[in-house]
1. Within region 609-631, is there a residue that is among the β-branched types (Val, Ile, Thr), part of a loop (DSSP other than H, G, I, E, B), surrounded by fewer than 17 Cβ atoms within 10 Å (Cβ to Cβ) and at negative phi?
2. If I ask for residues that are of a type in the set (Ser, Thr, Tyr) and farther than 18 Å from Lys431 by Cα, which ones from region 447-472 would you list?
3. In the list Ala446, Ala481, which residue meets the criterion of being in contact (Cβ under 8 Å) with a residue 60 or more places away in the chain and either in contact with a Phe, Trp or Tyr (Cβ under 7 Å, 6 or more places away or on another chain) or not basic (Lys, Arg) (or both)?
4. Are any of the residues in region 198-212 surrounded by fewer than 16 Cβ atoms within 10 Å (Cβ to Cβ), in the same structural domain as Val283 (by TED's automatic domain parsing), in a loop (DSSP other than H, G, I, E, B) and at positive phi?
5. Can you pull out every residue in region 375-408 that is touching a residue at least 12 places away in the same chain (Cβ under 8 Å) and not in a helix (DSSP H, G or I)?
6. When you look at Thr656, is it surrounded by 14 or more Cβ atoms within 10 Å (Cβ to Cβ), under 33 Å from the mean Cα position of the chain (by Cα) and modelled with pLDDT under 95, yes or no?
7. Give region 215-240 a look and list any residue that's in a loop (DSSP other than H, G, I, E, B) and either of a type in the set (S, T, N, Q) or closer than 17 Å to Pro178 by Cα (or both), or say none.
Amino acid sequence: MKRTKTLPSNLRRPLVITRANSGNNNTNNNNNNSASTTPGAGEDTVSLYTYRLHVGTTQTIELTLHNPPQSPSRGSNQRTKDDHSSLTSHGSSSPSLHSSGAEGSSPILSPSIGRRIVAPDGEEVGERGPGDGREAGQDELLEIPSDDENETTPALTLDVATDPTMDRSLSASHDLRPGEFVMRTLFAEFTVMAERKIECVMLEPLERSLSKSLQRGEDPTFDQLLLAFGCVAEHCLPSLLHTLFAWYDRQGVEWGATDSRYRHDPSKGKGGEAGWSVERETVQERRDLAVEFIFCLVLIEVLRQLAVHPGHDDLVKHIEDVAFKHFKYREGVQNNPNGENINTISDLYAEVVGVLAQSRFQSVRRRFMAELKELRAREQSTVTTQTIMSLLMGMKFFRVKMVPIEEFEASFQFMQECAQYFLEVRDKDIKHALAGLFVEILVPVAAAVKNEVNVPCLKYFVEMLYSTTQDMATKNKHRLAIFPLVTCLLCVSQKAFFLTNWHYFLAMCLQHLKNRDPKMSRVALESLYRLLWVYMIRIKCESNSATHSRLASIVNSLFPKGSKAVVPRDTPLNIFVKIIQFIAQERLDFAMREIVFDLLSVGRQIKIILTPERMSIGLRAFLVVADSLQQKEGDPPMPRTVGVLPSGNTLRVKKTFLNKMLTEDMARNIGISAYYPLVRKSFNDILKALDSQFGRPLMMTNTQNVNKEPDEMITGERKPKIDLFRTCVAAVPRLIPDGMSGRDLVDLLARLTVHMDEELRHLAFQSLQNLVLDFPEWRHDVLFGECW
């Protein structure tokens, strides 16, 4: 007989398969894996149901339950012991989580949960081995307890077969609801994948960073598994955390076990047996660090659902205990071959604390202040100072919640406590660490703050620190660390406070753009463009004359008249592009005529490229401004500091630029028709000059370039000019040069497909492809040019 269940139509997809029916119950139970596709006498049918688990917006995990017929003695409402289940993953971006076989295939379960197992009474029984009472064919039990009566998924028991040849379908527990089965299967898959990743990491060279192997984005399948954990955590977070803690404890991680060895000269004792012992300990520590990395990745994903699970203070405290243990200073870590990875793990736990604070801020705050109070009570020493600095960095991923207002006020009351410590402490290193912590927390606030600048707790925080930090910024020993803090305080201040104080600090920034220390000049530039964003975007400038005066001083400092370079040198050009974009948002005519025209040498004859960086900035700025106007994006966002978190999660949204040709009609519609023709003429001159200097002479078909490496040819002064060439080629077909026929442009691009520079070749191919795909009127010229 066919058994069916009533489910919502969007979750139910019944299919019917057949299974051979034997003459007795025992045969039935033993052979329920066999299936027949031809119905006949004595056959029963099996209903197959698919439950969908949505992960994000693009991934769907489907749980398929095969319900075989039951013997009459078991009743019609009870499931048989040998129900089969399979879990498949559907999505465009990653492969399936599980292997799929014939109909009725079972999920791939872990042959072992970890290296250690625990006896029923909680006593550790050591490593698995022959003759220890846990031979092949026995099961390990992993308890998934539940302490929440309202939790969707109750307590689970995960039976994992230790015999790889055993029928894995028998590993599934009995009488499982769909949610239980999903949870159990996901965690079993996690143990398999985690163990595989750990083994791979141990085989890699010690100098290879763990981030390159374990960070989000390196393994799409594992990323999908983490997303699935985040999804099910909404319903069963406490059980999931208990299970995760059990897995972590079972790995036997010993944090800081090798520190004593590296407190002294690490070169001593490297020979013979001692050297082998050191290497073995280093590899073992690398394994422990890999476990910590994976543990943090899961915590970061699932703790985002903690807000919908009130209470559970014991779990929160346990997470805090583990995390804050990793913020203690480890002496000698700089001599440890795993030193970089140790710091990465500390940053990962800082990210965990940041996620935890989003839903349990008061608990994290109390723990942090208690740890700080204890350290402040100790006798001053280098170790105490370093431990305080490590503790402060453990809070660097804490983010102020802008709403509700009570959360915002609570966050800045905590910031006031830290500010008071900043004013009281005399140790320079601790002051600088606190300044760095304030900057990490305040930059996201400055990007989002609006009317919140009028909240008394924020006003008091700014007034509390500003005068002191401004004085410190004038001193050489503090300048590098304090400049960003003064910038952030101005950025989160009220309009009147900003306009009263920013001009003095602006003058300091412009002065240090030419600082001989490249770090200081870079800090001054970053301070400048954040201040400019607030001035142009949030405050919307001052009067016309005052605004023109301020902007002229800034532009003349960055792009000195008569100079071939920009100030400061050796700086990413996108910072200058953003500065021009900020100015154009409110003063478009000034940005085009006073900055872009000058950078592109509009109105001047271009025979030789003398200012490649300035031209590249001007061209990119024009395209960015035109793109923003055409897409009606509104105000550009404030520049952020960190783009990628230690876990690999990214904070930046990749910008997609238009690739359609910018026509005169469109230029008129978006308000740049007065500048568009002049830019096109200058673009034409630049392309022709680049082609004559660095296009034709560097073709691979040129006999003079035979047996020469591209790296040898594209060095020194040629490099910025090749970068400009890349920018110009990438601009086609968005911008078509005025003064060059279509056939000439296609001929230029076709020749660049055999250029010595690989990136330039790729860009030329892409431009030709875009012309063929998007512009029918160009197809004949492109095809003719390519064939010719």
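1. no
2. Going through region 447-472, the residues of a type in the set (Ser, Thr, Tyr) turn out to be 460, 466-469.
Matches in region 447-472: Tyr460 only.
3. Working: Ala481 fails: in contact (Cβ under 8 Å) with a residue 60 or more places away in the chain.
None of the others qualify; the one that does is Ala446.
4. Within region 198-212, not a single residue is surrounded by fewer than 16 Cβ atoms within 10 Å (Cβ to Cβ), in the same structural domain as Val283 (by TED's automatic domain parsing), in a loop (DSSP other than H, G, I, E, B) and at positive phi.
5. Of all residues in region 375-408, those touching a residue at least 12 places away in the same chain (Cβ under 8 Å) come to 375-376, 380, 383, 385-402, 405, 407-408.
Gln380, Gly394, Met395, Lys396, Phe397, Phe398, Arg399, Val400, Lys401, Met402, listed by residue number.
6. On the way: surrounded by 14 or more Cβ atoms within 10 Å (Cβ to Cβ): no; under 33 Å from the mean Cα position of the chain (by Cα): yes; modelled with pLDDT under 95: yes.
No, not satisfied.
7. The initial filter retains those residues of region 215-240 that are in a loop (DSSP other than H, G, I, E, B), namely 215-219.
Residue satisfying the conditions is Gln215 alone.
Condition check ((1) under 16 Å from Ile575 (Cα atoms); (2) surrounded by 22 or more Cβ atoms within 10 Å (Cβ to Cβ)) across all residues:
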position: Ala496; (1), (2): no, no
position: Thr500; (1), (2): no, no
position: Leu506; (1), (2): no, no
position: Leu510; (1), (2): yes, no
position: Leu513; (1), (2): yes, no
position: Pro518; (1), (2): yes, no
position: Ser521; (1), (2): yes, no
position: Ser527; (1), (2): yes, yes
position: Tyr535; (1), (2): no, yes
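The values are calculated or read from the model by the stated rules, or taken from the named source; none is laboratory data. What you see is a predicted model; the values in this text were computed from it and never measured. Cβ coordinates were reconstructed from backbone atoms using ideal geometry, including for glycine residues, and neighbour counts include every protein chain displayed.
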